[in-house]
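What follows is a single structure, written as structure tokens, with notes after it.
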Amino acid sequence: MAVHVSPCSSSSSSTLSTSSFDHYTSSYFCKQVNSIPYRIHSPKWGSKIFSRIHQRNNFDLNSSNGYPLNAVSWQNGSMEKPLTEEVPPSRPGEAHTTLSITVVGASGDLAKKKIFPALFALFYEDFLPENFVVFGYARTKMSDEELRNMISKTLTCRVDKRENCADKMEQFLKRCYYHSGQYNSEEHFGELDCKLKEKEGGSLSNRLFYLSIPPNIFVDVVKCASNNAASTSGWTRVIVEKPFGRNSESSRELTRSLKQYLSEDQIFRIDHYLGKELVENLSVLRFSNLVFEPLWSRNYIRNVQFIFSEDFGTEGRGGYFDNYGIIRDIMQNHLLQILALFAMETPVSLDAEDIRNEKVKVLRSMRPLQLEDVIVGQYKGHSKGGKSYSGYTDDPTVPKDSITPTFAAAALFINNARWDGVPFLMKAGKALHTKKTEIRVQFRHVPGNLYRRNFGTDLDKATNELVLRLQPDEAIYLKINNKVPGLGMRLDRSDLNLLYRARYSREIPDAYERLLLDAIEGERRLFIRSDELDAAWSLFSPLLRELEEKKIAPELYPHGSRGPIGAHYLAAKHNVRWGDLTGED
């Protein structure tokens, strides 16, 4: 197969065979200048990475390697010509290896506010290898120094207050470079490849591409990067940001298109909520504490609530948000992924495939969503305390007649032996009274409670409740009934509380730090597999189609309120009271 020569060659119109192309590109066409000085990985970094994997997963890093990667479809989309096989990172004493990270869409807000700061935090904590380089790629014209100035404004030494923070920041910025190019230009990605090879200095290279770009250009970028900038000696991985389509059909088409150029093992579909500390701790809490696992079923749990609320509106993102709505933006991915982790059966091991297999079983066991079990809302303008708050359709980027929901509540059910009949309630909304994300597990009433008369007629006040607050102020607390000190018999509902900031002095890493490190290590359990994505869309696509075809008008609620009244009626229909609205927290 003839391959077009890299744009950094002296004759871009000539062709070379695939086998000879890499040799000429690295040794003749690409000048080996400004290379990073290469050293064997430090024992400090190596021990940190491998101890982390051992503690979390109980399996060696090599278990996620050895698959044919960089597979490129030359003819009809079949995976017939793998360029290389994935190679495990070098350990101390092994051959030099370089990690090259390319942030595609480097001039965007996500890259500036999340990705570059997360990479710096990993570097600051010595979780990146000794030899690494970071490239920004976008259409914006920018020099290396301009990129460094841009991202330096968002880098912080928030991990701790070490005195060497400024030095570490300077060292990190020296590893950051920029290349401007079009997202659909194979020539420009060929130029990027040449620059990467200059910095890699002829060592074994592993390349990670982070697609911080709109989904409509995912395939163009993957095609150009796979054909022109993939590693020929190590692994190549691509992190893809949501949304992964708008429905089942578009999601499958996106997956099919990506798999023309990548294998499934190269695609890391990121959902940053899965990287949050409390979500990571969910399986630990359940599977390593005997007190919880026996209770984790319909026999003891009355309902489970997944609650997401933001105290601000779209704030200039209305044009993007109006095309998706709160169900696609939050419920179909973030909350459903957490539900699957919560409800899954005990996996065979902590291996990524074993965990994702169990999550898929949960999603495929779910009862189809019915319109009568869903409430949609949209926030309207409101004045409070002399201050005016704008409504959703007041956003100039949103059509005045838009019926896109900014709030949704739904009751879901899992048709299996463990969860039969237990309502799983989801609620997500913008412009509500508070910012909060939490999981609330409400247990059943105590049969024949000896102290029922002390609670009056409202037995819900005597219900035990386990709460995992994902953000802000991460915490785990269990509501129990307790006697108030004194001579009388007066009961009180109290909390057994684990507040993270009080128990742990170390600041909690950002979700992007954990997920970026997992992608570098080849750890896939917090990333979404294609069949998992398909099962999630199969649950929500029929509902979304019905909402749009019937043009269901959302119930209006005031900006800064607790949401539409219909959400309370939905909960009451299933004999549930929203735990976040009791006023006890």
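The values are calculated or read from the model by the stated rules, or taken from the named source; none is laboratory data. What you see is a predicted model; the values in this text were computed from it and never measured. All Cβ positions, glycine included, derive from the backbone under ideal geometry; neighbour counts span all protein chains shown. Calculation scope for accessible area: heavy atoms of the full protein, side chains included, ligands and nucleic acids excluded. Shrake-Rupley method; radii C 1.70, N 1.55, O 1.52, S 1.80 Å.
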| message | Tell me whether region 307-318 contains one or more residues that are touching a strand residue (DSSP E or B) at 6+ places or on another chain (Cβ under 9 Å) and closer than 22 Å to A417 by Cβ. | response | no
| task | Inspect region 485-508 for any residue being in a loop (DSSP other than H, G, I, E, B), in contact with a helix residue (DSSP H, G or I) (Cβ under 6 Å, 6 or more places away or on another chain) and either modelled with pLDDT under 80 or surrounded by 16 or more Cβ atoms within 10 Å (Cβ to Cβ) (or both) and give the result as yes or no. | result | yes
| query | What number of residues in region 323-353 are of a type outside the set (S, T, N, Q), in contact (Cβ under 8 Å) with a residue 12 or more places away in the chain and assigned to a loop (DSSP other than H, G, I, E, B)? | reply | 5
| said: Is it the case, given these coordinates, that I528 is surrounded by fewer than 21 Cβ atoms within 10 Å (Cβ to Cβ), touching an Asp or Glu at 6+ places or on another chain (Cβ under 8 Å) and among the aliphatic types (A, V, I, L, M)? | reply: no
| Of the residues F127, F120, F189, which is open to solvent by less than 10 Å² (accessible area, probe 1.4 Å) and either modelled with pLDDT under 90 or closer than 27 Å to K276 by Cα (or both)? | F120
| query | What number goes with the only condition from (1) open to solvent by 20 Å² or more (accessible area, probe 1.4 Å); (2) of a type in the set (A, V, I, L, M, F, W, C); (3) closer than 24 Å to L517 by Cβ that M142 does not pass? | reply | (3)
| query | Under the condition of being among the small types (G, A, S) and in contact with a strand residue (DSSP E or B) (Cβ under 6 Å, 6 or more places away or on another chain), which residue from region 365-422 is most open to solvent (accessible area, probe 1.4 Å)? | reply | S365
| Yes/no for E532 being under 30 Å from D401 (Cβ atoms), among the acidic types (D, E) and not in a strand (DSSP E or B) | no
| remark: With criteria (1) part of a loop (DSSP other than H, G, I, E, B); (2) out of contact with any strand residue (DSSP E or B) (no Cβ under 8 Å at 6 or more places or on another chain), M142 comes up short on (2)
| note | Scanning region 199-226 residue by residue, the ones that are in a helix (DSSP H, G or I), surrounded by fewer than 20 Cβ atoms within 10 Å (Cβ to Cβ) and not β-branched (V, I, T) total 3
| request: Please specify each residue of region 145-156 satisfying the condition of being open to solvent by less than 20 Å² (accessible area, probe 1.4 Å) and within 23 Å of the chain's Cα centre (by Cα). | output: I151, L155
| remark: Only one of (1) within 30 Å of L119 (Cβ to Cβ); (2) at pLDDT 90 or above does not apply to T406, and that is (1)
| Just checking, how many residues over region 93-125 are part of a loop (DSSP other than H, G, I, E, B) and under 19 Å from A166 (Cα atoms)? | 1
| request: Go over the candidates R298, R356 one by one and state the one that is basic (K, R) and assigned to a loop (DSSP other than H, G, I, E, B). | output: R298
| said: Of everything in region 539-567, what is free of Cβ contacts under 8 Å to residues at least 60 places away in the same chain and either surrounded by 17 or more Cβ atoms within 10 Å (Cβ to Cβ) or among the acidic types (D, E) (or both)? Give them in sequence order. | reply: E548, E549
